[in-house]
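See below for the structure under consideration.
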Amino acid sequence: MEGSEQMANIEWRQVTFHYPDSEAPALSQLNLSVHAGEFVVICGPSGGGKSTLLRLLKREVSPGGRLAGTILLDGVEVQHLSPKAAASAIGLVMQHPDNQLVVGVVEHELAFGMENLGMPRSLMQRRMAEIAGFFGLEPLLSRSVDELSGGQKMTVNLASVLMLQPQVLLLDEPLAQLDPLAARELLGLIKRLNDEWGITVIMSEHRIDDLLPLADRIVRLERGAIGFD
């Protein structure tokens with residue numbers, strides 16, 4: 001991305017985190033900066049801290065435990081963001097799509113987040129048309145989410161998150177439940193969002209072969225610390 005002078009969009013500064021039932025920290029004095037518009041892949045073994053790193057940034061799903069250090073979005077500590085700013089600035093797509101689907105019909109699923117934030121209906125309709133067009137979801141809008149394939153459910157989840165126009169997109173092992181074709185299609189959409197919309201992408205993933213040509217950086221976490229960046 002152009003201009004390394006640009007302020008880091010996201011920073012974890014000396015972050016240590018303990019889960020309540022664990023003596024060993026899930027993250028240990030971790031320092032990481034991600035610049036606006038970067039595509040960063042977080043990899044490493046299970047239990048290395050990947051999901052914890054992402055969830056601490058997304059306040060609504062932040063795990064319970066003891067946190068030391070500072071997590072910043074554009075220079076503001078994440079816990080000091082207003083609820084509306086926190087909900088809309090950072091989007092999260094989880095590994096199991098069924099855990100994130102909350103209503104029965106695709107169109108209502110896309111609108112759910114914007115309705116919760118009280119956005120005007122005209123804005124919702126405009127964004128719905130734009131997002132449905134980008135993701136090719138027009139034929140599915142009236143369908144029940146129960147009828148969709150795993151790849152389609154994941155695309156609906158991603159589209160729902162994008163309706164709030166986040167600056168940052170977090171993806172926690174989004175390929176784990178998908179077959180190879182659906183995984184490639186999802187990666188293509190994510191790369192387009194990064195390239196065409198300038199969204200900062202931070203994705204945790206075990207299988208990184210398909211991601212190497214797409215990502216700007218690979219960060220490997222081992223036992224809660226950065227082993228490679």
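Listed values, structure above:
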read-out: Pairwise label distance in nanometres, residue 185 with residue 144, each label 7 Å out on the Cα-Cβ vector; value: 2.1
read-out: Nearest-20 debye value, the stretch 69-181 charge dipole, Cβ charges on Lys, Arg, Asp, Glu; value: 380
read-out: Qualifying aspartates and glutamates (Cα of each under 12 Å from Cα of residue 153; at least 8 residues distant if same chain); value: 98, 109
read-out: Charge tally in the Cβ shell below 12 Å around residue 153, where Lys, Arg are +1 and Asp, Glu are -1, residue 153 excluded; value: -3
read-out: Cα centroid separation, the stretch 195-222 to the stretch 63-83 (Å); value: 23
read-out: Charge sum, other residues only, whose C-beta stays under 15 Å from residue 91's C-beta, Lys/Arg counted +1 and Asp/Glu -1; value: +2
read-out: Counted charge near residue 109, where neighbours are those whose Cβ lies closer than 15 Å (Asp, Glu -1; Lys, Arg +1); value: -3
read-out: For peptides 11-19, 88-96, sequence by mean Cβ density within 10 Å, most packed first; value: 88-96, 11-19
read-out: By average C-beta atoms within 10 angstrom, highest first, the peptides 132-139, 31-38; value: 31-38, 132-139
read-out: Accessible surface of the chain, 1.4 Å probe, proportion on carbon and sulfur as whole %; value: 49
read-out: Antiparallel DSSP beta bridges within the chain, percent to nearest 5; value: 55
read-out: Test item: Cα-centred dipole of the chain, Lys/Arg +1 and Asp/Glu -1 on Cβ, debye; value: 360
read-out: Accessible area of the chain divided out per residue, in Å², using a probe of 1.4 angstrom; value: 47
read-out: Anisotropy class of the stretch 65-143 from Cα gyration tensor, a/c 1.5 cut; value: prolate
read-out: Top positive-direction residue, dipole computed over the chain with Cβ charges, set 215, 28, 201; value: 28
read-out: For peptides 168-177, 58-67, sequence by mean Cβ density within 10 Å, most packed first; value: 168-177, 58-67
read-out: Gain in span if fully extended, residue 28 to residue 85, counting 0.36 nm per residue against the direct Cα distance; value: 17.7 nm
read-out: For the chain: relative contact order, % (alpha-carbon pairs under 8 angstrom, 6 or more apart); value: 30
read-out: Mean Cα-pair separation over length for the stretch 133-215, i.e. relative contact order, pairs under 8 Å, 6 or more apart, %; value: 33
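The values are calculated or read from the model by the stated rules, or taken from the named source; none is laboratory data. What you see is a predicted model; the values in this text were computed from it and never measured. Note that we place each Cβ from the backbone using ideal geometry, even for glycine, and neighbour counts take in every protein chain shown. Calculation scope for accessible area: heavy atoms of the full protein, side chains included, ligands and nucleic acids excluded. Shrake-Rupley method; radii C 1.70, N 1.55, O 1.52, S 1.80 Å.
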